[in-house]
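Right, one structure below, let's go through it.
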Amino acid sequence: MKHVETFENKKVLVLGLARSGEAAARLLAKLGAIVTVNDGKPFDENPSAQALLEEGIKVICGSHPLELLDEEFAYMVKNPGIPYTNPMVTRALDKNIPVITEVELAYLISEAPIIGITGSNGKTTTTTMIADVLNHAGQPALLSGNIGYPASEVAQSAVSTDTLVMELSSFQLMGTEKFHPQIAVITNLMPTHIDYHGSFENYVEAKWNIQKNMMAADTIILNFNQELAKDLAARTNAKVVPFSTKEKVDGAYLEDGMLCFKGQAVMKADELGVPGSHNIENALATIAVAKLSGVSDGAIKETLAHFGGVKHRLQYLGEVSGVKFYNDSKSTNILATQKALSGFDNPKVILIAGGLDRGNEFDDLIPDLVGLKKMVILGESAPRVKRAADKAKVAYLEAEDVAGAAKLAFESAESGDIVLLSPANASWDMYKNFEVRGDEFIAAFEAIKGD
């Protein structure tokens, strides 16, 4: 890794732990910073804080005392999930303390070039596809960022012949100053995380930070299915390479069932290893990155044809008695479930949906529900989801949890059918997160398979 002197002998406050905060604290200590970690979880229940203390890093746990900021901190490294309205963050900004996230640290120390991927949906799948294609072509690619591998941790071991393929959230991108990927991808931009950002416009600007330091030698890949992306294309110094499933563009596009790049067919769309129109978009973005990176069509086709999806993101689990099971627990909003359903023949689908009640109705989902074989509905939002099912004239059953829903769905299915967990809702009414919800579905599938 590059040794930077930016933090040497400087006091730095790491606000919030989790994996990224822990990685940031260790890296800063290695870079010679005087590190203080502040985390809300009590010390006795905080193994990360305990480990850092044993390593000689100062930790303050259990609360966020504002007087802590009376010390002369040169930087605050903030956990991405902590909003800018947090009193500690607002106090830091009032005191002109730069507030960054650990992806900024990763950029500063990385010897490897960076491919940054952001967007509202499809980030993780596209990030994984890109890394898989590059690795298959013999170009070492390291997954990092919001995908579950702290960027500042991965960057420490990366060398100049590697590529950091980095998934980036809007929360992470707000805390960047010099961050500069050589290639950036924005999969799509939809209204989400408005509670954090305050408006869709603020959310878009946070995402757009991915390119703020890019120059003419760099490339940003944008989804020209969206008029918004076409508008944004005029606001960057980087070279724009578009992708689209709706029109032929000077980049990657779908034409006559083929995935193409700049006039050349690369592979058939129906050869993709994962279903759904959204995965065609993800594949086109991946093809654009791969072609710009000098990857052969053969390597692209072979990788994408065998791509099995990402855990909890339209993940194919297998089949029992001819019934196929797909785990799409990551679909926590209507748009994601619409995209999942687009990849299947509705009369063969038994959809499991429902979860946290956020007060919204599901009228936008009704056209996508029409013709489903059946639904299994659960969670706080069940009354609202049932109203949408009634309007779509789809029969439904009710379940207490995901395991019960999987069992009911299988009992309603016959050979050739699809059992799809794609909840269109967050998980927090019943589960800690969408991963726990998806893991229960996987376990239920294994139990059904065992029986």
Please verify whether Ala340 is touching a strand residue (DSSP E or B) at 6+ places or on another chain (Cβ under 7 Å), at pLDDT 95 or above and assigned to a helix (DSSP H, G or I), treating the condition exactly as stated.
no
Of the residues in region 299-326 that are closer than 18 Å to Thr187 by Cα and aliphatic (A, V, I, L, M), the one that is surrounded by the most Cβ atoms within 10 Å (Cβ to Cβ) is Leu314
List pairs: first in region 359-378 and under 21 Å from Ala409 (Cα atoms) and among the acidic types (Asp, Glu), second in a loop (DSSP other than H, G, I, E, B) and at pLDDT below 95, Cβ under 8 Å, 6+ apart or cross-chain?
Asp368/Ser342
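With region 53-149 as the region, which helices (runs of 4 or more DSSP H) entirely inside it contain at least 2 residues that are within 21 Å of the chain's Cα centre (by Cα), at negative phi and at pLDDT below 95?
Once the helices (runs of 4 or more DSSP H) in region 53-149 are filtered for at least 2 residues that are within 21 Å of the chain's Cα centre (by Cα), at negative phi and at pLDDT below 95, what remains is 123-136.
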Given (1) in contact with a strand residue (DSSP E or B) (Cβ under 7 Å, 6 or more places away or on another chain); (2) among the hydroxyl-bearing types (Ser, Thr, Tyr); (3) surrounded by fewer than 24 Cβ atoms within 10 Å (Cβ to Cβ), Ser329 misses just (3)
Conditions (1) open to solvent by less than 60 Å² (accessible area, probe 1.4 Å); (2) at pLDDT below 95; (3) part of a loop (DSSP other than H, G, I, E, B): number failed by Phe179
(2)
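Residues checked against (1) at pLDDT 95 or above; (2) surrounded by fewer than 22 Cβ atoms within 10 Å (Cβ to Cβ); (3) under 21 Å from the mean Cα position of the chain (by Cα); (4) not in a loop (DSSP other than H, G, I, E, B):
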site	(1), (2), (3), (4)
Thr192	no, yes, yes, no
Tyr196	no, yes, yes, yes
Val204	yes, yes, yes, yes
Ala217	yes, yes, no, no
Asn225	yes, yes, yes, no
Lys248	yes, yes, no, no
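The rows are residues; the columns are (1) aliphatic (A, V, I, L, M); (2) closer than 28 Å to Thr337 by Cβ; (3) in contact with a Pro (Cβ under 7 Å, 6 or more places away or on another chain); (4) in contact (Cβ under 8 Å) with a residue 40 or more places away in the chain.
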residue: Leu222; (1), (2), (3), (4): yes, yes, yes, no
residue: Asn225; (1), (2), (3), (4): no, yes, no, yes
residue: Ala229; (1), (2), (3), (4): yes, yes, no, yes
residue: Leu254; (1), (2), (3), (4): yes, yes, no, no
residue: Gly263; (1), (2), (3), (4): no, no, no, no
residue: Lys268; (1), (2), (3), (4): no, yes, no, no
Among the residues of region 294-326 satisfying the criterion of being out of contact with any strand residue (DSSP E or B) (no Cβ under 8 Å at 6 or more places or on another chain) and of a type in the set (S, T, N, Q), which is farthest from Pro347 (Cα to Cα)?
Ser296
Got a sec? Which of Ser244, Ser321 is under 16 Å from Leu420 (Cα atoms) and either in contact (Cβ under 8 Å) with a residue 60 or more places away in the chain or of a type in the set (Gly, Ala, Ser) (or both)?
Ser321
Identify, from the list Lys324, Lys248, Lys301, Lys268, the residue that is of a type in the set (D, E, K, R) and in contact with a helix residue (DSSP H, G or I) (Cβ under 8 Å, 6 or more places away or on another chain).
Lys301
Long-range neighbours under 6 Å by Cβ, at least six apart or interchain, first residue more than 14 Å from Gly119 (Cα to Cα) and open to solvent by 10 Å² or more (accessible area, probe 1.4 Å) within region 279-294, second outside any helix (DSSP H, G or I) and aromatic (Phe, Trp, Tyr):
Lys291/Phe261
Has region 40-63 got at least one residue that is within 28 Å of Gly198 (Cα to Cα), of a type outside the set (Lys, Arg), in contact with a strand residue (DSSP E or B) (Cβ under 8 Å, 6 or more places away or on another chain) and surrounded by 18 or more Cβ atoms within 10 Å (Cβ to Cβ)?
no
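The values are calculated or read from the model by the stated rules, or taken from the named source; none is laboratory data. Predicted model only: the values in this text are computed from it and were never measured. Cβ sites come from the backbone with ideal geometry, for glycine too, and all protein chains shown count toward neighbours. What goes into the accessible areas is simple: the full protein's heavy atoms, side chains included, and nothing from ligands, DNA or RNA. Shrake-Rupley method; radii C 1.70, N 1.55, O 1.52, S 1.80 Å.
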